[in-house]
Amino acid sequence: MSDSEDVLATAAAWRAAGEPVAIATVVETWGSSPRPAGSRLAVSASGRLAGSVSGGCIEGAVADAAKQTMTTGTPQLLDFGISDERAWEVGLACGGKLKVFVEKLS
Amino acid sequence: MTPEVLAALEAAKSAKRPVALLTRLSDGTQHLWPGSDLPAPLAEAAAKALEEDAAANLTQDGEAWFIHPHNPPLRLIVVGAVHIAQALVPMALAAGYAVTVVDPRRAWATAERFPGITLIHEWTDDAVAALAPDARSAVVTLTHDPKLDDPALEAALTSDCFYIGALGSRRTHAKRVARLTEAGHSAEAIARIHAPVGLNIEAVTAPEIALSILAEVVATRRGAALAQRPALAA
């Protein structure tokens, strides 16, 4: 089993237990990003986390976006490490850049 | 992600069937391939992502798609239910490998020594051949007994497994090379065998040797320079 599939199984178990869940997936990376495309982070409404989308630098910001998506149901595509003024912009110490897709597990 | 897509991914995982998940990034629309009728460029990208085991991005009709392969786990076939195997098996599981232990000696290959692991008690050539190692499989022989190791290695050499490793010193391996040559295997085929098995980290204890073996399996899988060895002097 790959680690991204483990994360899905964990997310499914949380969802089956009645918790809203969102899944974040790294969809593109540039430079020295620590986790490759396909890496997943599951976030539950109560704040449980499984998996990862970085070395820990952006998980907090992704979790915030995930909670939004849980509520609205609307997926989001987040850019990290690219200089713009968006609210969830955080720096990556490694100098990498990545895009993270956030979707609700309906 | 809908419950249907999640269930289909889980079903493919249980059946050890490769499947690619395609996500349209503008709105989260998802398809699974194989299993859905997709425009040729998307289907081709899905097939390639599965073959290369690497995620991909594609723009089709002005829409960005993320193509996420979900392959069955890599496999590790351990021949010899020995002490080093007891250390190697849990490490390989943690690294995401599906592990099978082969040893006809029932006193060694017991559920008590290898809890929850698939154990095969057949003779090692039959067992390895039946497991049909493929390009996502590694085979490691640890019995240190030519009667058990050699038949397993001969079966592995006829497969396209990505890694073959054999426990034993350089001298032991030189004798092994002579036997395999005698048995008709080419020098090129025999050179596929990593021996002495494992990266040279001066490992001493069983867990350290297991770590060196798993490190070499990963290095080979990922194409690391560390996994390349100079040919043994004839």
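The values are calculated or read from the model by the stated rules, or taken from the named source; none is laboratory data. Bear in mind that the values here come from a model prediction, so they are computed numbers and not experimental data. Virtual Cβ from ideal backbone geometry, glycine too; neighbours counted across all protein chains shown.
In this structure, does B:GLU51 turn out to be of a type in the set (Asp, Glu) and under 23 Å from A:VAL102 (Cβ atoms)?
no
Counting only residues that are outside any helix (DSSP H, G or I) and closer than 25 Å to B:ALA206 by Cβ, which one in the stretch B:165-187 is farthest from the chain's Cα centre (by Cα)?
The residue in question is B:SER169.
Quick check: is even one residue across the stretch B:43-53 in contact with an Asp or Glu (Cβ under 8 Å, 6 or more places away or on another chain) and either more than 9 Å from chain A (Cβ to nearest Cβ) or over 19 Å from B:ARG222 (Cβ atoms) (or both)? It would help to see each step written out before you state the result.
So the first thing to find is which residues in the stretch B:43-53 are in contact with an Asp or Glu (Cβ under 8 Å, 6 or more places away or on another chain), and the list is none.
No, there is no match, as no residue in the stretch B:43-53 is in contact with an Asp or Glu (Cβ under 8 Å, 6 or more places away or on another chain) and either more than 9 Å from chain A (Cβ to nearest Cβ) or over 19 Å from B:ARG222 (Cβ atoms) (or both).
Tell me yes or no: at least one residue of the stretch A:25-44 is surrounded by fewer than 18 Cβ atoms within 10 Å (Cβ to Cβ), more than 20 Å from B:ALA12 (Cα to Cα) and of a type in the set (D, E, K, R).
no
Condition check ((1) outside any helix (DSSP H, G or I); (2) in contact (Cβ under 8 Å) with a residue 12 or more places away in the chain) across all residues:
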| site | (1), (2) |
| --- | --- |
| B:GLU4 | no, no |
| B:LYS13 | no, yes |
| B:ARG17 | yes, yes |
| B:ALA20 | yes, yes |
| B:THR23 | yes, yes |
| B:LEU32 | yes, yes |
| B:GLY35 | yes, yes |
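Please verify whether B:GLU51 is free of Cβ contacts under 8 Å to residues at least 12 places away in the same chain, surrounded by fewer than 14 Cβ atoms within 10 Å (Cβ to Cβ) and of a type in the set (Asp, Glu), treating the condition exactly as stated.
The answer is yes for B:GLU51.
Please enumerate the residues belonging to the stretch B:58-68 that are more than 26 Å from the chain's Cα centre (by Cα) and surrounded by 15 or more Cβ atoms within 10 Å (Cβ to Cβ).
Hits for the stretch B:58-68 are B:LEU58, B:GLN60, B:ALA64, B:TRP65, B:PHE66.
Only one of (1) within 12 Å of chain A (Cβ to nearest Cβ); (2) surrounded by 23 or more Cβ atoms within 10 Å (Cβ to Cβ) is not met by B:ASN71, so which one is it?
(2)
Which members of the stretch B:163-183 meet the condition of being under 24 Å from B:GLU122 (Cα atoms) and surrounded by fewer than 19 Cβ atoms within 10 Å (Cβ to Cβ)?
B:ARG179, B:ALA183
I need the strands (runs of 3 or more DSSP E) fully contained in the stretch A:1-77, keeping only those with at least 2 residues that are within 9 Å of another protein chain (Cβ to nearest Cβ) and either within 17 Å of A:SER106 (Cβ to Cβ) or touching a strand residue (DSSP E or B) at 6+ places or on another chain (Cβ under 6 Å) (or both).
A:21-30
From the set of residues in the stretch B:14-42 that are exposed (fewer than 13 other Cβ atoms within 10 Å of the Cβ) and among the charged types (D, E, K, R), which is nearest to the other protein chains (Cβ to nearest Cβ)?
B:ASP27
Among the residues of the stretch B:54-68, which ones are within 22 Å of A:LEU98 (Cα to Cα) and touching a residue at least 12 places away in the same chain (Cβ under 8 Å)?
B:ALA54, B:ALA55, B:LEU58, B:GLN60, B:GLU63, B:ALA64, B:TRP65, B:PHE66, B:ILE67, B:HIS68
Going by what's in this entry, would B:GLY198 be described as under 15 Å from the mean Cα position of the chain (by Cα), part of a loop (DSSP other than H, G, I, E, B) and either at pLDDT 95 or above or buried (at least 21 other Cβ atoms within 10 Å of the Cβ) (or both)? Lay out the reasoning, then the answer.
Details: under 15 Å from the mean Cα position of the chain (by Cα): yes; part of a loop (DSSP other than H, G, I, E, B): yes; either at pLDDT 95 or above or buried (at least 21 other Cβ atoms within 10 Å of the Cβ) (or both): yes.
Yes, satisfied.
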